[in-house]
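Notes follow once the structure below has been shown.
The values are calculated or read from the model by the stated rules, or taken from the named source; none is laboratory data. The shown structure was predicted, so the numbers you read here are calculated from the model rather than taken from an experiment. Cβ placement follows ideal geometry from the backbone for every residue including glycine, while neighbour counts extend to all protein chains displayed. The area values use the complete protein model at the heavy-atom level, side chains included, leaving out ligands, DNA and RNA. Shrake-Rupley method; radii C 1.70, N 1.55, O 1.52, S 1.80 Å.
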Amino acid sequence: MTGTWRIAVVGVVLAVMLGALGLRLWTIQVTETDEYTAEAERNLIRVVPTPAPRGDILDRNGELLAGTKASLAAVVDMALVDDDFQEGLAQRLSAFLNQPASEILERFENANSGAQIILAEDLTERQALIIFEHREDFPGVAVIPQPIRDYPGGDLAAQVLGYIGKPSEADLERPGVKGTDVVGKAGIERFYDDRLRGVEGVIKYQVDAGRSVLQRLGEQESAPGDNLVLTIDSGIQAQLQDSLEAGLGLARELEMAERREALEEENGDIRSRLFLAREAAQLEATRAALEAEAAAENSAEEGIAADEDSVAVDTAVEIDEGKVLGSLYPGLPIDGEGVCVPVQRVEVGVASRTLLSGIKERTMRLEAVVQDRSRRIAVVDIDGERFEVEEGDSFATTLRVIAVTDDDIVVSHTDKWCPVRAVGVVEDPNDGSIIAMASYPSFEPAAFVSGLTQTEWESLGTINAFTNFAVQGQYAPASTFKTVSYVLAMEEGVYPLDRPVGDRILGDEHTEAAPPGEEGGAEEEGGAEEGGGAEEEGGAEEEPVQPIPSDSELKPLTSDTDLYNCTGSLRFQFNDGSSQVYRDWKRNGHGPLDLHGALQASCDLYFWEISLRIWNERSDETGINNEDLWQEWARSFGFGTESGIDLPFEKPGLIPDRQWFRDEQRKDTGRVRSTGPWVGGDLMNAIVGQGAVLVTPLQLANGFSAMLNGGTLWTPRVVSEMVDQGGNVVDENPKSVIQTIDMDPATVRTLRRDMQQVVNGPIGTSRAAFIGFGPNVSTVGGKTGTAEIIKATEDVQEVDTAWFVGVAPVLSPDYVVTVVVERGGSGGRVAAPVARQVLQYILNGERAVTSLEAGADTD
């Protein structure tokens with residue numbers, strides 16, 4: 001009975017379970033059929049996003065600078081490719097697309113599940129049709145429209161436009177940016193990336209259980225980004241780039257001509273120089289040996305055993321010919337035409353050799369790479385001399401190690417005397433619009449679309465071709481900065497002291513003090529060294545120096561038209577009693593000049609005297625009583641701070657003062673003297689644009705614009721408005737005033753007239769550069785500048801950076817043209833001719849542009 005009951009219970013339970021299962025099956029098959037059918041269909045649909053075309057970039061006249069061209073791309077959706085089918089698919093695609101199967105497979109393996117890989121762009125219609133018709137052989141592969149960035153002007157405005165690329169980790173933190181996106185990496189492409197990118201679309205595909213695409217179900221089109229209209233004029237931009245390239249070539253040719261002339265004149269002296277250098281090194285080694293022997297004898301007398309290694313001193317010496325000969329060293333790099341190049345990238349494999357270019361070639365061989373814990377040490381042979389070096393080391397005069405791997409070494413082969421680049425800006429002083437902006441060497445943004453090789457990337461990086469030096473390069477502005485002191489003098493009534501002519505030394509009667517700016521110089525990323533002007537006068541004088549009247553005993557000039565005798569040198573006293581001598585760039589002097597003539601002829605003494613008055617009267621209640629008067633005027637014109645231009649990575653420049661000097665000392669940055677206070681020589685250096693002063697070419701153009709337009713400091717801009725695809729303005733970037741400087745209209749008028757005389761007057765420093773300008777030369781003005789970055793010595797050639805700031809029409813300015821040629825020589829000789837060509841184009845048209853020829857060697 002009990003067994004029967006148990007069987008009955010089990011049967012009931014089974015019956016209930018089977019009934020429940022049957023009921024559920026009936027529900028699924030009958031009442032929920034439509035729902036599950038829809039879900040199955042959804043599982044067979046694949047949604048593929050399509051990128052949005054980036055907005056176009058147009059110049060002010062509507063000329064296309066950056067656009068988008070339609071392209072068909074082969075895209076692999078990894079979510080539709082089984083792991084065990086990846087190798088076979090890679091083989092088929094390799095044969096079809098003519099790409100290495102190993103590279104395709106590597107991309108498959110490195111991709112995330114669900115990632116979409118673009119394997120080929122610019123497919124022909126026939127290729128697209130083959131993929132579609134043989135889709136069972138290409139599972140997961142689809143042909144989708146792909147917008148490709150296009151730069152029809154090649155390298156036109158390259159640093160302004162920038163380039164695009166895959167997003168970095170920082171980019172991925174921005175809203176809406178995915179790892180498969182393309183984003184702006186530099187220039188306008190970066191600054192306005194959110195406006196240019198647009199909204200992506202989608203394409204729906206039906207796939208089967210094997211993940212092969214069956215059909216295209218529909219598409220939601222992408223929406224392109226906004227178009228940008230720039231302030232750039234393509235014609236002026238092209239002329240600026242051509243002139244900068246020609247100017248850099250001219251500067252290098254002039255540099256090589258100077259070297260050849262020096263070699264012809266000094267060939268015997270060069271051999272003597274090397275001989276004397278070896279003799280001096282030998283004497284020093286012998287002295288060290290004798291001192292070591294004496295120390296050993298003293299130790300023996302005191303009963304102390306001497307270390308044999310410390311006693312043995314090798315007196316055999318080798319000298320670095322490059323340090324002795326400087327720019328005349330025959331191992332400096334040259335190109336195929338025998339012209340200097342500032343840097344060459346050299347890569348050598350283990351057990352391989354290469355020739356280092358130069359008038360005298362050298363053989364470089366990588367003997368081995370040795371692993372020393374975490375360090376890789378390269379053993380290198382240069383013409384039989386052995387070096388053991390690692391990353392960052394400098395050796396063999398011209399070489400610096402960039403990288404060391406297990407298999408090779410990469411070095412830079414450099415010439416620090418060779419002109420390195422040319423930079424230019426053209427600005428409208430009436431609203432801050434940038435008409436043209438360029439750096440040379442340059443690059444083509446389209447190279448980033450197709451993809452740069454590692455070698456191409458590193459080669460362009462070696463010459464900093466991607467950097468926009470108009471906003472990122474920081475240089476000592478030299479005599480172009482005398483305009484700031486000019487305005488200060490006119491507005492504040494600060495003029496030189498009426499110093500006796502005897503305090504202005506002619507010729508070479510007295511020991512030359514270090515000229516201002518010898519430690520300043522052009523900096524790409526900042527970091528000018530300490531200022532410091534002349535040395536104290538004293539024991540080197542051949543004849544007794546007459547007592548110098550105290551500045552307190554002298555009366556200042558009272559007007560901009562009072563004459564100052566601008567001779568070759570200035571002898572004076574600071575208020576601490578120290579006697580100083582400063583020399584003008586023109587050793588024989590300029591003669592009697594007022595403020596206006598001092599600007600036209602670029603007389604250093606006149607402007608040094610202004611700084612002396614500020615320095616010596618800074619604590620005098622009856623005098624100027626404002627130590628930072630010059631700094632305040634300089635900063636009012638936008639120097640020492642970012643301008644706010646709509647481009648990334650802008651540098652601020654530097655206007656030094658006492659507080660900055662103290663901060664640098666406290667931080668021990670190495671940019672200033674480690675001991676001693678801020679002194680009058682620092683201010684004298686700064687006032688003529690040397691020492692620690694740094695500006696960008698854009699800042700100089702913008703500052704001059706403010707001085708010439710009457711005191712309005714604009715925010716520079718390269719984009720004027722944003723328009724949609726229908727041409728409707730959707731947003732503007734209106735002109736914007738940073739501040740207004742209170743300037744007397746008379747100051748503005750005389751500054752314009754004096755800059756006109758710099759170009760057209762009998763003593764103007766750029767007069768020679770503008771000979772043959774053609775019509776309208778009388779409407780052109782300018783200011784030259786020559787920044788000393790390597791001081792000339794008996795053995796070392798001087799290196800200068802050339803500046804010129806031009807303006808036209810000078811009496812009612814519409815264009816300010818700024819040109820700097822880094823290590824290019826003097827402003828009047830190199831930079832002014834470059835600007836001349838640009839101004840010829842602007843005023844007289846393309847056909848009026850004459851060939852580039854060197855001007856006079858003026859400051």
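Descriptive notes on the structure:
- Solvent exposure ordering (accessible area, 1.4 Å, most first) of 747, 622: 622, 747
- Here the extension length gained between residue 124 and residue 363 equals 81.2 nm, from 0.36 nm per residue of separation less the Cα-Cα distance.
- Heavy atoms of residue 106: accessible area, 1.4 Å probe, square angstrom to 10: 100 Å²
- 21 Å Cα-Cα reach of residue 178 towards lysines, excluding residues that sit fewer than 8 places from it in its own chain: 166, 204
- For trypsin sites (Lys or Arg not before Pro), the sites in the range 358-455 that DSSP calls loop and that have at most 13 other Cβ atoms within 10 Å are 360, 373.
- Residue among 631, 573, 619 farthest towards the positive dipole end of the range 553-673, charges placed on Cβ: 573
- Calculated FRET efficiency for the pair residue 659/residue 180, C-beta based, R₀ 41 Å, to 0.05: 0.25
- Only lysines eight or more places from residue 586 in sequence, or on another chain, were considered; those with a Cα closer than 21 Å are 482, 783, 791.
- Residue 96 accessible area, assembled protein chains, probe 1.4 Å, Å²: 50 Å²
- Ignoring lysines fewer than eight residues from residue 667 along the same chain, the ones with Cα atoms less than 21 angstrom from its Cα are 651.
- Accessible area (Å², 1.4 Å probe, nearest 10) - residue 789: 40 Å²
- Taking all protein chains into account, the per residue accessible area for the range 625-667 stands at 42 Å² (1.4 Å probe).
- One decimal place: the segment residue 265-residue 172 gains 27.3 nm when fully extended, by the rule 0.36 nm per residue minus the C-alpha distance.
- Neighbourhood charge, 10 Å Cβ-Cβ cut-off, centred on residue 832 and excluding it, Lys, Arg +1 and Asp, Glu -1: +4
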